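The values are calculated or read from the model by the stated rules, or taken from the named source; none is laboratory data. Remember, predicted model here, so these are calculated numbers, not experimental data. Virtual Cβ from ideal backbone geometry, glycine too; neighbours counted across all protein chains shown. When the accessible area is computed, the model is the full protein with side chains, heavy atoms only, and any ligands, DNA or RNA have been set aside. Shrake-Rupley method; radii C 1.70, N 1.55, O 1.52, S 1.80 Å.
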Amino acid sequence: GAVVSQHPSRVICKSGTSVKIECRSLDFQATTMFWYRQFPKQSLMLMATSNEGSKATYEQGVEKDKFLINHASLTLSTLTVTSAHPEDSSFYICSARSGQGLKAGNTIYFGEGSWLTVV
Amino acid sequence: ELKVEQNPLFLSMQEGKNYTIYCNYSTTSDRLYWYRQDPGKSLESLFVLLSNGAVKQEGRLMASLDTKARLSTLHITAAVHDLSATYFCAVLFWSGSEKLVFGKGTKLTVNP
C-alpha cells in the first residue's frame, strides 16, 4: 500500500482562489519532502525541498509567495497555490524521505499526485 | 549546474528484444533512483542504487551504477508489452539542501 498519501487527487478551482494540497507520510517520519510539478508529457520539475521545522528551499524561478510550502510536522507537508491562475494547472507530486544525514532512508517515496485545474 | 540527462527519450521496441536506457549526471552523487510512470499516474519506485558498481535486478529490468563515469543504465531483457511506460532516472544531489533531480524520461513502447 501507499506509504505517502497525497490529497486531494483532483481539484478544480476558480482563478484567484487558493488551493491547498497535503502530503502525508503514513508509516515513517519524513524529515525531507520534495514538491514537484509535471506538465503533460514532460518530466518532473523540482519546485522546492522542505525540511521539517524550517523554511523550504525553493528552486530558481519558483515564486515562494505563490507556492507556499509548510512542513510543520514529521508526517505532513502542505503546498498552497495562492491566487491560482489557469497557467498553474498541472500535476503536482510530493515525495518523502525518512531520516536525515547518515540515518537518511535510501528510498524516496512518491505520493499519488494531485491534478489541479484552474478555471 | 545539476543536470541529469537521459537517453533515448523515446524507445519503440518489439517484444522479446533487449535494450538499454542511459542516465548521465553532472555532479558527484551516491544515490540514484529509477522510477516508472504510467499515464496519468504517479511514480513507482523500481531501483535505488547507492554505490559504485551496484547492480540490481527485478524481473526483466536490471539497473547498474558507475559513479566514476556518473552513469547509470537500465537494461530491459526480452521486453513484454506490460513494460510500456515512461522510465525516469533521478539523482540525489546536495547543493545547500538536498535535491532530487529528474531526467527527462524515456517513453518506452513495446509492440507485440
Å² per residue, accessible surface of chain B at 1.4 Å: 50
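Can you pull the percent of chain A's accessible area that's carbon plus sulfur, 1.4 Å probe, other chains left in place?
Working: 3040 of 5920 Å².
Reported share for carbon and sulfur atoms: 51 percent.
Pop out the carbon and sulfur fraction of the accessible area of the range B:34-110 as a percent, whole number, probe 1.4 Å. Walk me through the intermediate numbers first.
Numbers: 1740 of 3410 Å².
Its accessible area is 51 percent carbon and sulfur atoms.
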What order do you get for A:25-31, A:45-51 when each peptide is scored by the mean count of other beta carbon atoms within 10 Å, highest first? A:45-51, A:25-31
For chain A, compute Rh as the Kirkwood radius over C-alpha pairs and then the Stokes-Einstein diffusion coefficient at 10 °C and 1.306 mPa s; write the answer in µm²/s, rounded to an integer. 112
Could you tell me the number of lysine pairs in chain B with C-alpha atoms less than 27 Å from each other, where the two lysines are 8 or more residues apart or belong to different chains? 22
Within 10 Å of each Cβ in A:57-70, how many Cβ atoms from other chains are there, averaged over the peptide? 1
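For residue B:65, what charge total do you get from the other residues with a beta carbon under 12 Å from its beta carbon, if Lys and Arg give +1 and Asp and Glu give -1?
Here the charged neighbours net out to +2.
Remind me, relative contact order of chain B in percent, using alpha carbon pairs under 8 angstrom and six or more residues apart?
Details: 291 pairs, mean separation 40.5, N = 112.
Worked out over chain B, it gives 36 percent.
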Using Cα centres only, tell me the gap between the range A:50-119 and the range B:44-104 in whole Å. 23
Which of B:56, B:99, B:41 fluctuates most in a GNM of chain B (C-alpha springs under 10 Å)? That residue is B:41
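How high is the relative contact order of chain A, in percent, with contacts defined as C-alpha pairs under 8 Å that are six or more residues apart? Kindly include the intermediate steps, with their values, before the conclusion.
On the way: 303 pairs, mean separation 43.2, N = 119.
Result for chain A is 36 percent.
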Once A and B are treated as a pair rather than alone, how much accessible area drops out, both sides summed, in Å² to 100, probe 1.4 Å? 1700
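Calculate the mean, over all residues of peptide A:37-43, of how many other protein chain Cβ atoms lie within 10 angstrom of the residue's Cβ.
Numbers: counts 0, 5, 0, 2, 4, 3, 12.
Partner Cβ neighbours, averaged per residue: 4.
How crowded by other chains is B:14-20, given as the mean number of beta carbons from other chains within 10 Å of each beta carbon?
Details: counts 0, 0, 0, 0, 0, 0, 0.
Rounded to a whole number, the mean comes out at 0.
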For chain A, how many pairs of lysine residues have a Cα-Cα distance under 23 Å, where the two are 8 or more positions apart or belong to different chains? 8
